[in-house]
Amino acid sequence: MRMLSADVKTQIRTIYKGIAAALPNFRSRREQNYIVAEISKTLAGEYDKHRRIIVVEAGTGIGKSLAYILGSIPLALASKKKVCIATATVALQEQLLHKDLPFFLAQSELDFTFGLVKGRQRYVCLSKLEMLIGADNGTQMAMWQTKPDNSQVKQLQALLKDYHEGKWNGERDTLTSQLPDHLWQQIACDKHSCHRQLASHRNCPFHKAREDIDNWDVLIANHSLLFADLELGGGVILPDPEELYYIIDEAHHLPMVARDFSSAQSTLRGAIDWLEKIDKTSSKLQNQIKSNHIIAPAQAMQDHITDLTGLLNQIAHYCDSQTKRFDNPENRIRFEHGKLPEALLIQAENLATVSTTALKQFNKMLVLLSEAIKDGDIPKHQSEQLLTETGFMLQRLENLQKLWKMMAKEDNPKGAPMARWIELITGKQTDYLFNASPIEVGFMLEKLLWDKAAGVVLCSATLRALNNFNHFTRQVGLSIDDGSRYLALDSPFDFEQNATLFLPQMNTEPTDDNYTEELAEQILALIDGEQATLVLFASYWQMEKVADLVESKIKTGLQLQGTASRQQILTNHKKRCDENEPSIIFGTGSFSEGLDLPGEYLTNLIITKLPFAVPTSPVEQAHAEYIKIKGGNPFLQLTIPDASRKLIQSCGRLLRKEQDYGRITILDRRLVSKRYGKSLLDALPPFRRVIE
């Protein structure tokens, strides 16, 4: 099926008409129609058989979720493929699950099933739960990472009871009262200790949920789950990439999620501590498994642990001698251009080699363990506990090996080097956290996703920076001329009529010492007589400082991010607006995204300064350094495009629906005084401008 078949085209048109008729104030939008057609043509391979990828930026108000649902599901059903919609936020997952997909299912008269795929760690492992509250014979205490108090044990007993009585389905999201993280982590399912071949795990909540997934046509997931699957080679948690149309919504988060996923970290002295435990576990396995085959790997394992401990100790001594270099606010040594000093590099290479062999031997032992369990050589309660214990160890060993491989790996001269750094941890004992992270993830995405998937749709309200897609495509490893499609559709809003962009006269710029005081004065003047105000700050300290300066002059209705939950702040704000009381929210960067205050809930938006991210993370610093070596300018190539996208996003808080109106004030004169200011202004929607 090279062309989009006439049947599917007709089907899409019919469904669209039905939806238009069903929604009372539905406006048939040319933009929305166009996106639907472009998505289905791209996925059907009409533009490029080998590169079925489309990047769509669709402004607020176009209705992009309906567009991609309609552009992909009829085609997927006709070509026997499945659809996976991956989002960055829970809010969007909920909306798709409870609103968009049920509505589409009802209107389209198509026959398809859908559901939300969650990572294993959202499900309880019944076997761990039973063990943690089991008969107190020492094995239970070994399972607890910290000594439990009675109330915790009671809480877990109640959970198990609810599960067996059918009052709870074993998912974290359906708990009536939330468990603290550290407690949940000890009973959560994980890929190592939860085995299907064990009778007791076959009915685990996780495996039950997985059976549903095999039958769904449309799967909703989050970005991290998508990467967890790709990292395992694809087709492990989700269906095979070759059988799947991926729709990646909120795609501007993709580069960061991919980067976090490909990074690794591990401590030195902390690792030595749990290596001792692996040693004990190995001896236990050697004693309990009757087969002679266990002797060789168990002996080898003990040698490897001795070697690993020795090497980690040597590196710890090396770090102890570098105290001066850790003497900075971050307690961090970052290696320039990712190059480790010779002494460390040799140790890192040794650690990479030894941890790889250790992992092989440990896996051999685990195979023998699962055979012994299958043959019934090990009693049930012991086998459960051994699987959980070894699963936990395997996870740590894999992580250790991943980190040292990345530390020792020779960087490809054609690409960016790895970012590598050490952080000093002060606690009961001084320890060092080693970190490695790729700077660029395009190559990885090409290999794991672009190259394998049946088709991909990347969409968001903000993917362009400075009016083009270049920055985004570089980040995700696509290019403008590789056969991928690019589509940018403006929002249907009447920006010029409905909103004013105001840049007042100011005496200072953000770099000036008196800027914070002037901010406070400006904000007081700008909220005067206004009903619903949101002020966005670039940093917490500046927000708090301004709040101190204005608090006494604003009688009531000021709420600061961080003083209550986001949900609580919004509820209070809406309540005040509904009662015609003035309400003001002060927030930072995270409030500039995904915050939905339509109509009268926000008419006065104030942006204090341009969202320039200071490259504080070692990965960003390494990236800037790499661009410099190549003769580039990190400020123009990274900082400005990034600020452009964030500024568009911040301004996007004001108009959420077609009738919305209001004023956006930006209190940063660099928009007019600096050369780059013009390009940042020109990338904003065409608001009516008032520049003093």
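The values are calculated or read from the model by the stated rules, or taken from the named source; none is laboratory data. Just so it is clear, the structure is predicted and the values come from calculations on it, not from any experiment. Please note: Cβ atoms are built from the backbone with ideal geometry, for glycine as well, and neighbour counts cover all protein chains shown.
Among the numbered criteria (1) more than 25 Å from the chain's Cα centre (by Cα); (2) surrounded by 20 or more Cβ atoms within 10 Å (Cβ to Cβ); (3) within 27 Å of L132 (Cα to Cα), which one does Y432 miss?
The number of the failed condition is (3).
Does L524 satisfy the condition of being assigned by TED's automatic domain parsing to the domain that holds V672, buried (at least 19 other Cβ atoms within 10 Å of the Cβ) and more than 30 Å from M407 (Cβ to Cβ)? I'd like the intermediate steps shown before the answer.
Details: assigned by TED's automatic domain parsing to the domain that holds V672: yes; buried (at least 19 other Cβ atoms within 10 Å of the Cβ): no; more than 30 Å from M407 (Cβ to Cβ): yes.
No; evaluated as a whole, the condition is false for this residue.
Which count do you get for residues in region 191-219 that are modelled with pLDDT of 75 or more, surrounded by 19 or more Cβ atoms within 10 Å (Cβ to Cβ) and assigned to a loop (DSSP other than H, G, I, E, B)?
Qualifying residue count for the region: 1.
Of I62, I85, which residue is of a type in the set (A, V, I, L, M, F, W, C), more than 19 Å from R29 (Cα to Cα), in contact (Cβ under 8 Å) with a residue 60 or more places away in the chain and buried (at least 20 other Cβ atoms within 10 Å of the Cβ)?
From the options I62, I85, the qualifying one is I85.
Could you tell me whether any residue of region 511-524 is aliphatic (A, V, I, L, M), touching a residue at least 40 places away in the same chain (Cβ under 8 Å) and assigned to a helix (DSSP H, G or I)?
To start, the set of residues in region 511-524 that are aliphatic (A, V, I, L, M) comprises 519-520, 523-524.
Applying the additional criterion that residues be touching a residue at least 40 places away in the same chain (Cβ under 8 Å) yields 519, 523.
Retained after the next criterion (residues that are assigned to a helix (DSSP H, G or I)): 519, 523.
Yes, region 511-524 contains at least one residue that is aliphatic (A, V, I, L, M), touching a residue at least 40 places away in the same chain (Cβ under 8 Å) and assigned to a helix (DSSP H, G or I).
Quick check on region 437-457. Is at least one of its residues over 30 Å from H50 (Cβ atoms) and either outside the structural domain of R645 (by TED's automatic domain parsing) or among the hydroxyl-bearing types (S, T, Y) (or both)? I'd like the intermediate steps shown before the answer.
Step one: of region 437-457, the residues over 30 Å from H50 (Cβ atoms) are 437.
Remaining after also requiring either outside the structural domain of R645 (by TED's automatic domain parsing) or among the hydroxyl-bearing types (S, T, Y) (or both): 437.
Within region 437-457 (the criterion being over 30 Å from H50 (Cβ atoms) and either outside the structural domain of R645 (by TED's automatic domain parsing) or among the hydroxyl-bearing types (S, T, Y) (or both)), the answer is yes, since at least one residue qualifies.
Tell me, please, whether a residue that is in contact with a strand residue (DSSP E or B) (Cβ under 9 Å, 6 or more places away or on another chain) and closer than 17 Å to W274 by Cα can be found in region 316-339.
yes
Does region 475-510 hold any residues that are among the hydrophobic types (A, V, I, L, M, F, W, C), crowded, with 17+ Cβ neighbours inside 10 Å, in contact with a Phe, Trp or Tyr (Cβ under 8 Å, 6 or more places away or on another chain) and in a loop (DSSP other than H, G, I, E, B), and which are they?
Within region 475-510, L478 is the sole residue that qualifies.
The rows are residues; the columns are (1) closer than 30 Å to M131 by Cα; (2) under 29 Å from the mean Cα position of the chain (by Cα); (3) loosely packed, with under 14 Cβ neighbours inside 10 Å.
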| position | (1), (2), (3) |
| --- | --- |
| R332 | no, yes, no |
| Q347 | no, no, no |
| D375 | yes, no, yes |
| H381 | yes, no, no |
| Q385 | yes, no, no |
| E398 | yes, yes, no |
| K405 | no, yes, no |
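Looking at region 220-240 only, could you name the residues that are of a type in the set (A, V, I, L, M, F, W, C) and surrounded by 19 or more Cβ atoms within 10 Å (Cβ to Cβ)?
Applying the first criterion (of a type in the set (A, V, I, L, M, F, W, C)) to region 220-240 yields 220-221, 225-228, 230, 232, 236-238.
Within region 220-240, I220, A221, L225, L226, F227, A228, L230, I237, L238 qualify.
May I ask you to verify whether K147 is on the phi < 0 side of the Ramachandran plot, basic (K, R) and modelled with pLDDT of 75 or more? Before the answer, list the steps.
Numbers: on the phi < 0 side of the Ramachandran plot: yes; basic (K, R): yes; modelled with pLDDT of 75 or more: no.
When the stated conditions are applied, K147 does not pass them.
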